[in-house]
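The values are calculated or read from the model by the stated rules, or taken from the named source; none is laboratory data. Treat the numbers as computed from the prediction; the structure is a model and nothing was measured. Here Cβ is always computed from backbone atoms with ideal geometry, including for glycine, and neighbour counts include all displayed protein chains. Heads up: the accessible areas ignore ligands, DNA and RNA and are worked out on the full protein's heavy atoms, side chains in. Shrake-Rupley method; radii C 1.70, N 1.55, O 1.52, S 1.80 Å.
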Number of protein chains: 2
Amino acid sequence: MRYEQLADLPCSITRPLVVLGDRWTLLILKEAFAGVRRFNAFQSNLGIPRSRLQDRLARLVDHEILVRQQAVDGDHVEYRLSRKGHDLYPILLAIKDWGDAHMAPDGPPVHYRHRDCAGEARVTLACDCCGERMTAHDVVPEAGPGLLAHVDAGARG
Amino acid sequence: MRYEQLADLPCSITRPLVVLGDRWTLLILKEAFAGVRRFNAFQSNLGIPRSRLQDRLARLVDHEILVRQQAVDGDHVEYRLSRKGHDLYPILLAIKDWGDAHMAPDGPPVHYRHRDCAGEARVTLACDCCGERMTAHDVVPEAGPGLLAHVDAGARG
DNA sequence: TAGCGTCGGTCTCGAAAAGAGACCACCCTG
DNA sequence: CAGGGTGGTCTCTTTTCGAGACCGACGCTA
């Protein structure tokens, strides 16, 4: 149980990773973004053991990243992305950009194209104030409200 | 060995995840981006078992994401981000954005600010042609050269 | 030179997680 | 009633992980 306690740390990278950071979870979400909704489809597309898939889907539902429901015609179960889950898309696209750049010697296996446009989807890191593109070197960390709240809670508790 | 074979699939999300998708790897890289370079610093900052850290660092060095070298003053070992590793930053920032949005009830623990600017670093998904901002709904997958090369190789082999 | 601390790194061992595959109840269809 | 598909569970084996002792090399200092 030590590892799960990392989720208590005041860090917005660590906390998601405790949920998403394992062998299968992001792959399951990749499938979900590709339109997969059914248990058996996830299972056969990924080759994941069924019990493992069951664990992961349950955890994603717990965290309200996926929603489990009966299909509209009522004859099977569906796992669909919630709004919160949908917001994960930039993470997968950032991974894809890196994969294309560094693990695709023959070029991108799949283009992710803008609907009705010749362009491709790209993740960019930029300043939300001046709009300038940024890299890690341009970034300076600074304490935010979540950290102060965490310190206060620690002082009280 | 089944799981590692996922890296052979022609998918630029799957392939990086086989390397990055575990409990610790992205956390180690987060520390690296925060300036950590030394074995013991990674270990004590994260609380990761030493043998595990050793595995992960070795794998990251194998994949040329980190570079292992003697420090300039020669008295200790350093693990530094390569260019390839440096390019992972948007992934961590995309995770951080999601964490701020969905797992930080008290607000962001840390602001990632643009140096010499009031702004914050933000990851955005946009079309590289028309510049329009996009979500998962605006994206259409299309076969690329890497997929064709993979199919050809399969047909030959 | 003996003692001590720190460095990156290794080894062992018990606990936890993952993988495989059989098995299940349910529903529908022929 | 048989057959196939559904989501899901159970069991057993293998792999991975976690905790912590242990190691040699190095630098310092008494």
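List every residue pair whose Cβ atoms sit under 9 Å apart, with the two residues 6 or more apart in sequence or on different chains, where the first one lies in the stretch A:27-47 and is more than 17 Å from A:HIS86 (Cβ to Cβ) and the second, anywhere, is within 12 Å of DNA strand C (Cβ to nearest atom) and aromatic (Phe, Trp, Tyr).
A:LEU46/A:TRP24; A:GLY47/B:TYR3
Among A:ALA58, A:ALA7, A:ALA41, which is the only one that is open to solvent by less than 80 Å² (accessible area, probe 1.4 Å), more than 8 Å from DNA strand D (Cβ to nearest atom) and in a helix (DSSP H, G or I)?
None of the others qualify; the one that does is A:ALA7.
For the stretch A:118-147, which positions are hydrophobic (A, V, I, L, M, F, W, C) and closer than 17 Å to B:ARG113 by Cα?
Result: A:LEU125, A:ALA126, A:CYS127, A:CYS129, A:CYS130, A:MET134, A:ALA136, A:VAL139, A:VAL140, A:ALA143, A:LEU147.
Name the residue, out of B:ASP106, B:ASP100, that is at the interface with chain A (Cβ under 7 Å from one of its Cβ atoms), within 24 Å of the chain's Cα centre (by Cα) and either free of Cβ contacts under 8 Å to residues at least 24 places away in the same chain or in a helix (DSSP H, G or I) (or both).
Sole residue among the options that is at the interface with chain A (Cβ under 7 Å from one of its Cβ atoms), within 24 Å of the chain's Cα centre (by Cα) and either free of Cβ contacts under 8 Å to residues at least 24 places away in the same chain or in a helix (DSSP H, G or I) (or both): B:ASP100.
Hey, B:ARG68 hits all of (1) more than 14 Å from chain A (Cβ to nearest Cβ); (2) away from DNA strand D (no atom under 14 Å from the Cβ); (3) out of contact with any strand residue (DSSP E or B) (no Cβ under 7 Å at 6 or more places or on another chain); (4) open to solvent by 80 Å² or more (accessible area, probe 1.4 Å) but one; which does it fall short on?
Condition not satisfied by B:ARG68: (3).
Given the structure, is A:ARG38 more than 30 Å from A:GLY144 (Cα to Cα), away from DNA strand C (no atom under 15 Å from the Cβ) and more than 11 Å from chain B (Cβ to nearest Cβ)?
No: the conditions fail for A:ARG38.
Determine whether the stretch A:149-157 contains at least one residue that is at the interface with chain B (Cβ under 7 Å from one of its Cβ atoms), open to solvent by 50 Å² or more (accessible area, probe 1.4 Å), basic (Lys, Arg) and over 19 Å from the mean Cα position of the chain (by Cα).
No, the stretch A:149-157 has no match at all.
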